[in-house]
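A quick write-up on the structure given underneath.
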Amino acid sequence: MAVINLVSPVGIARWPRLQEPDYRFHEQGEYNVILQITKGWDEGDAYIEKLNKLCNDWQAKCSADLGGELGEFTTPVRTNKDNDDVWDVHMKMTARGTEKATGREWEQRPMILNAKRPDTEWSDLIGTGSHIRIAASPYCWFNKSKGKRAGVKLQPKNIFVYKCVSPELKQSAAEMLGLSGTETSYVVNGESYKLSEEDTPTDQDF
């Protein structure tokens, strides 16, 4: 499939590991995040529709190539198990590896930028509750020999930080998803937020 970059609306980061790879269950390291998007929000619904179409098209192609039903298909889009009104979009990207054909070792990481100053890389730690937008590259995979499995993995290539919440700042699910704002510079989950020097509701100054 052709390379596609899918740019999300501004959503809420859950358990982000975007600056240092997660090695707990991944020997080669993995960058990952769950982007939460509220259902019923026009921009969010349009994004989810694009993701679902990509997954449905790939599932249909794999089934046709197989000549029957797949044993398992993995999609990055799921309904939040604790809140039926929220989409969880799972994104992950392997940090390093080796090309089988050439033996060449490679390494990659997401580029993280300040939304107010896009030419500036972000350095402060990003925690759960942060407002981010992600440009992701889908990796469509198909394994005919092992369980007739297929799926789509979203790789977070570029991240724009609109509001940063430190990992040390604890928040409940209600605090993360019940956000409100009166200014209108960017929109997250259907609510408007002003991106300005004065609007610093967390410990992070832009």
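The values are calculated or read from the model by the stated rules, or taken from the named source; none is laboratory data. All figures in this text were calculated on a predicted structure; none of them were measured in a lab. Methodologically, a virtual Cβ is constructed for each residue, glycine included, from the backbone with ideal geometry; neighbour enumeration extends over all protein chains shown.
When Cys140 is tested against (1) surrounded by fewer than 16 Cβ atoms within 10 Å (Cβ to Cβ); (2) at pLDDT 90 or above; (3) under 19 Å from the mean Cα position of the chain (by Cα); (4) farther than 23 Å from Arg14 by Cβ, only condition (1) is not met.
Strands (runs of 3 or more DSSP E) fully within region 44-125 that include at least 3 residues being out of contact with any His (no Cβ under 8 Å at 6 or more places or on another chain): 72-74, 86-94, 96-98, 105-107, 111-114. Of the residues examined, Glu30 is one that is within 26 Å of Leu125 (Cα to Cα), modelled with pLDDT of 95 or more and either within 15 Å of the chain's Cα centre (by Cα) or of a type in the set (Asp, Glu) (or both). Looking only at residues in region 66-79 that are of a type in the set (D, E, K, R) and at pLDDT below 95, the one that is nearest to Thr38 (Cα to Cα) is Glu72.
A Cβ distance below 8 Å, combined with a sequence gap of six or more or placement on separate chains, defines the contacts here; from region 89-105, residues that are of a type in the set (Gly, Ala, Ser) reach residues that are part of a strand (DSSP E or B) and surrounded by fewer than 10 Cβ atoms within 10 Å (Cβ to Cβ) in the pairs Gly97/Glu105.
Each row is one residue, and each column tells you yes or no for (1) of a type in the set (Lys, Arg); (2) at pLDDT 80 or above; (3) buried (at least 18 other Cβ atoms within 10 Å of the Cβ).
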{"position": "Ala101", "(1), (2), (3)": "no, yes, no"}
{"position": "Ile112", "(1), (2), (3)": "no, yes, yes"}
{"position": "His131", "(1), (2), (3)": "no, yes, yes"}
{"position": "Ala135", "(1), (2), (3)": "no, yes, no"}
{"position": "Lys170", "(1), (2), (3)": "yes, no, no"}
{"position": "Ser180", "(1), (2), (3)": "no, no, no"}
{"position": "Glu183", "(1), (2), (3)": "no, no, no"}
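Residue pairs whose Cβ atoms lie under 6 Å apart, sitting 6 or more positions apart in sequence or on different chains, and linking a residue in region 10-31 that is part of a strand (DSSP E or B) to a partner that is surrounded by 15 or more Cβ atoms within 10 Å (Cβ to Cβ) and small (Gly, Ala, Ser), are Ala13/Ser130; Pro21/Gly29; Pro21/Ala95. Restricting attention to region 123-143, the residues that are in contact with a helix residue (DSSP H, G or I) (Cβ under 8 Å, 6 or more places away or on another chain) and of a type in the set (Gly, Ala, Ser) total 1.
One line per residue, one yes/no per condition, for (1) under 24 Å from Tyr47 (Cβ atoms); (2) at pLDDT 90 or above:
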| residue | (1), (2) |
| --- | --- |
| Lys81 | yes, yes |
| Asp84 | yes, yes |
| Arg96 | no, yes |
| Arg117 | no, yes |
| Leu177 | yes, no |
